[in-house]
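The values are calculated or read from the model by the stated rules, or taken from the named source; none is laboratory data. This structure is a prediction, so every number in the text was calculated from the model and none was measured. We place every Cβ from the backbone using ideal geometry, glycine too, and count neighbours over all the protein chains shown. Protein only, heavy atoms only, side chains kept; ligands, DNA and RNA dropped before computing areas. Shrake-Rupley method; radii C 1.70, N 1.55, O 1.52, S 1.80 Å.
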Amino acid sequence: MTTSEKFPFDKTPQTDFSQVPSPCFVLEERLLRYNLQVLRHVMDEAGCEIICALKGFAMWSTFPLVREYLPGGTASSLHEAKLIWEEMGVKAHLTAPAYREEDWPELEQICSHIVFNSLNQWNQYRERALAAGISCGIRVNPQYSEVEVDLYNPCIPGSRLGTTANHIGDRLPEGMEGVHFHTLCENNADALERTFKAVEDRFAPLLHQAKWLNLGGGHHITRADYEIDRLIALIKYIKSTYNVQVILEPGEAVGWQTGYLRAKVLDIMDSQGINVIVMDASVSAHMPDCIEMPYKPKVLGAGDAPQTGRTNNEVAPWRIGGGTCLAGDFVGDYQFDQEPQIGDPLIFNDMIHYTMVKTTNFNGVQLPSIGIWKEEGRFQLVKSFGYESYKDRLS
Ligand SMILES: Cc1ncc(COP(=O)(O)O)c(C=O)c1O
């Protein structure tokens with residue numbers, strides 16, 4: 001069964017955007033609760049632990065809600081670990097390519113699990129980690145990933161993400177309790193099955209010795225077509241075959257389709273036959289994955305249009321661009337139901353995960369505010385950013 005078959009849900013926006021300042025990331029609380037309920041279902045049915053990856057979703061004003069459903073979070077740095085400790089009230093899981101000596105005094109206090117990327121790193125910090133009672137693991141590289149974009153593929157030759165089988169052999173180093181792999185990105189359960197097969201082929205002896213196995217992130221569990229029962233069956237198989245505790249650490253699945261970036265049309269111009277909108281947000285500074293991945297977000301009230309300069313269409317397409325000097329700071333071409341006017345709102349859908357964690361102050365552009373459309377039907381402005389947040393990052 002897929003997620004939407006098991007948990008049908010109407011995701012039509014309920015936010016009244018006229019109450020939301022521009023630009024602003026606005027999360028709909030009910031949409032986040034929906035995702036959390038789905039994730040909790042997997043946890044309960046499969047008997048695993050699902051923790052939130054802050055790299056993808058770190059909107060900490062919602063952490064009390066997240067904690068109603070999930071037991072904690074996973075960090076990629078001291079700062080994310082601190083945020084988990086402070087705002088989730090639990091010790092963090094931590095996985096990073098390498099650790100800084102100077103971070104250790106704090107990490108020892110606030111981490112329950114630390115995953116090492118290499119045996120060098122393990123040998124460097126082993127004594128400290130064990131003395132602090134931290135449960136340690138090794139990130140392995142199964143040399144199998146179905147991710148097509150190299151930018152997100154941790155298994156390409158030259159990858160620094162994880163230890164390959166030839167370097168670790170058949171025995172978990174003494175004192176180590178866990179194995180971790182992360183090779184998925186927006187994948188369904190079938191890709192996890194094939195990936196896990198590659199992990200078994202290369203690392204089965206380690207799995208038999210481990211207390212826990214972390215399956216990383218990239219599980220698109222809350223997406224409508226995700227095969228949720230298939231995931232649950234696989235986790236049960238892993239648990240019974242290897243007698244390990246199973247941990248998943250999705251980020252995107254927590255924030256998936258939970259809200260919007262509300263922006264506004266500042267200007268409209270004709271550029272060599274193409275209608276162009278300049279908005280009060282920036283693609284490169286506020287939604288950089290659209291350029292990096294790349295992908296084209298949905299805009300409410302607008303349809304997709306091929307990126308061309310054609311003006312002989314019945315309705316000419318509109319190219320939406322940001323307010324920076326970067327020529328490529330645009331998101332693509334759209335057909336609008338109603339011709340855009342200066343001052344009109346522009347609502348980008350699904351703009352919560354991997355957006356506010358990645359914003360920059362390039363060009364000194366205004367950072368979008370952060371707000372919540374509450375379940376009881378009112379807007380709560382959580383934070384807005386001014387000149388100080390720009391100045392603070394420079395000297
Ligand atoms: C080690 C690790 N864990 C978890 C995640 C979260 O992945 P996602 O947000 O795609 O679920 C990532 C993402 O890059 C990662 O590198």
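Being within 13 Å of the ligand (Cβ to nearest atom) and farther than 19 Å from TYR144 by Cβ is the filter; apply it to the stretch 203-245 and report the residue that is surrounded by the fewest Cβ atoms within 10 Å (Cβ to Cβ).
ARG223
State all residues of the stretch 126-166 that are among the β-branched types (Val, Ile, Thr) and touching a residue at least 24 places away in the same chain (Cβ under 8 Å); if no residue qualifies, say none.
Taking the stretch 126-166 first, the residues among the β-branched types (Val, Ile, Thr) are 134, 138, 140, 147, 149, 156, 163-164.
Across the stretch 126-166, the qualifying residues are ILE134, ILE138, VAL140, VAL147, VAL149, THR163, THR164.
Given the criteria in contact with a helix residue (DSSP H, G or I) (Cβ under 7 Å, 6 or more places away or on another chain) and modelled with pLDDT under 95, does GLU292 qualify? Before the answer, list the steps.
Details: in contact with a helix residue (DSSP H, G or I) (Cβ under 7 Å, 6 or more places away or on another chain): yes; modelled with pLDDT under 95: yes.
Yes.
Among the numbered conditions (1) touching a helix residue (DSSP H, G or I) at 6+ places or on another chain (Cβ under 6 Å); (2) within 11 Å of the ligand (Cβ to nearest atom); (3) open to solvent by less than 20 Å² (accessible area, probe 1.4 Å), tell me where LEU172 comes up short.
It fails just one condition, (2).
Failed condition for TRP104, given (1) farther than 24 Å from GLU49 by Cβ; (2) within 13 Å of the ligand (Cβ to nearest atom); (3) open to solvent by less than 10 Å² (accessible area, probe 1.4 Å), with all others met?
For TRP104, the exception is condition (2).
On the basis of being open to solvent by 40 Å² or more (accessible area, probe 1.4 Å), touching a strand residue (DSSP E or B) at 6+ places or on another chain (Cβ under 6 Å) and either closer than 30 Å to ASN153 by Cα or assigned by TED's automatic domain parsing to the domain that holds GLU186 (or both), does PHE330 make the cut? Before you say what the answer is, go through the steps one by one.
Values: open to solvent by 40 Å² or more (accessible area, probe 1.4 Å): yes; touching a strand residue (DSSP E or B) at 6+ places or on another chain (Cβ under 6 Å): yes; either closer than 30 Å to ASN153 by Cα or assigned by TED's automatic domain parsing to the domain that holds GLU186 (or both): yes.
Judged against the criteria, PHE330 is a match.
Regarding ASN153, is this residue more than 19 Å from ILE247 (Cβ to Cβ) and open to solvent by less than 30 Å² (accessible area, probe 1.4 Å)? Even if it seems obvious, please write down each step before you answer.
Working: more than 19 Å from ILE247 (Cβ to Cβ): yes; open to solvent by less than 30 Å² (accessible area, probe 1.4 Å): yes.
For ASN153, the condition - more than 19 Å from ILE247 (Cβ to Cβ) and open to solvent by less than 30 Å² (accessible area, probe 1.4 Å) - is met.
Are any residues in the stretch 90-112 out of contact with any helix residue (DSSP H, G or I) (no Cβ under 7 Å at 6 or more places or on another chain) and not polar (S, T, N, Q), and if so, which ones?
Our first condition is that a residue be out of contact with any helix residue (DSSP H, G or I) (no Cβ under 7 Å at 6 or more places or on another chain); within the stretch 90-112, this holds for 93, 95-97, 100-102, 105, 109, 112.
Across the stretch 90-112, the qualifying residues are HIS93, ALA96, PRO97, ARG100, GLU101, GLU102, PRO105.
Just checking, does the stretch 111-120 include any residue being farther than 30 Å from GLN380 by Cβ, surrounded by 20 or more Cβ atoms within 10 Å (Cβ to Cβ) and touching a Leu at 6+ places or on another chain (Cβ under 6 Å)?
First, pick out the residues of the stretch 111-120 that are farther than 30 Å from GLN380 by Cβ: 111-120.
Remaining after also requiring surrounded by 20 or more Cβ atoms within 10 Å (Cβ to Cβ): 111, 113-117.
Next, only the ones that are touching a Leu at 6+ places or on another chain (Cβ under 6 Å) stay: 111, 114.
Within the stretch 111-120 (the criterion being farther than 30 Å from GLN380 by Cβ, surrounded by 20 or more Cβ atoms within 10 Å (Cβ to Cβ) and touching a Leu at 6+ places or on another chain (Cβ under 6 Å)), the answer is yes, since at least one residue qualifies.
Between residues in the stretch 185-202 that are farther than 19 Å from VAL254 by Cα and more than 16 Å from the ligand (Cβ to nearest atom) and residues that are open to solvent by 30 Å² or more (accessible area, probe 1.4 Å) and in a helix (DSSP H, G or I), which pairs lie under 8 Å by C-beta distance while being six or more apart or on different chains?
What qualifies is ASP190/ARG230; GLU193/ARG230.
On the basis of being within 14 Å of the ligand (Cβ to nearest atom), surrounded by 15 or more Cβ atoms within 10 Å (Cβ to Cβ), in contact (Cβ under 8 Å) with a residue 60 or more places away in the chain and closer than 26 Å to ALA92 by Cα, does GLY251 make the cut? Show your work before the answer.
Details: within 14 Å of the ligand (Cβ to nearest atom): yes; surrounded by 15 or more Cβ atoms within 10 Å (Cβ to Cβ): yes; in contact (Cβ under 8 Å) with a residue 60 or more places away in the chain: yes; closer than 26 Å to ALA92 by Cα: yes.
Against the criterion (within 14 Å of the ligand (Cβ to nearest atom), surrounded by 15 or more Cβ atoms within 10 Å (Cβ to Cβ), in contact (Cβ under 8 Å) with a residue 60 or more places away in the chain and closer than 26 Å to ALA92 by Cα), GLY251 qualifies.
Starting from the stretch 214-239, keep only residues that are more than 11 Å from TRP256 (Cβ to Cβ), then list their pairs with residues that are away from the ligand (no atom under 16 Å from the Cβ) and among the aromatic types (Phe, Trp, Tyr) whose Cβ atoms are within a distance under 9 Å, requiring at least 6 positions of separation or different chains.
ILE228/PHE7
Given (1) farther than 14 Å from TRP256 by Cα; (2) touching a helix residue (DSSP H, G or I) at 6+ places or on another chain (Cβ under 7 Å); (3) open to solvent by 10 Å² or more (accessible area, probe 1.4 Å), where does PHE9 come up short, assuming only one miss?
(1)
Write out, first by first residue and then by second, each pair whose Cβ atoms fall under 8 Å of each other, whose residues are 6+ apart or on separate chains, and whose first residue, in the stretch 35-57, is open to solvent by 10 Å² or more (accessible area, probe 1.4 Å) while the second is among the hydrophobic types (A, V, I, L, M, F, W, C) and part of a helix (DSSP H, G or I).
Matching pairs, first to second residue: HIS41/ILE228; GLU45/ILE232; GLY47/ILE235; CYS48/VAL42; CYS48/ILE235; GLU49/MET43.
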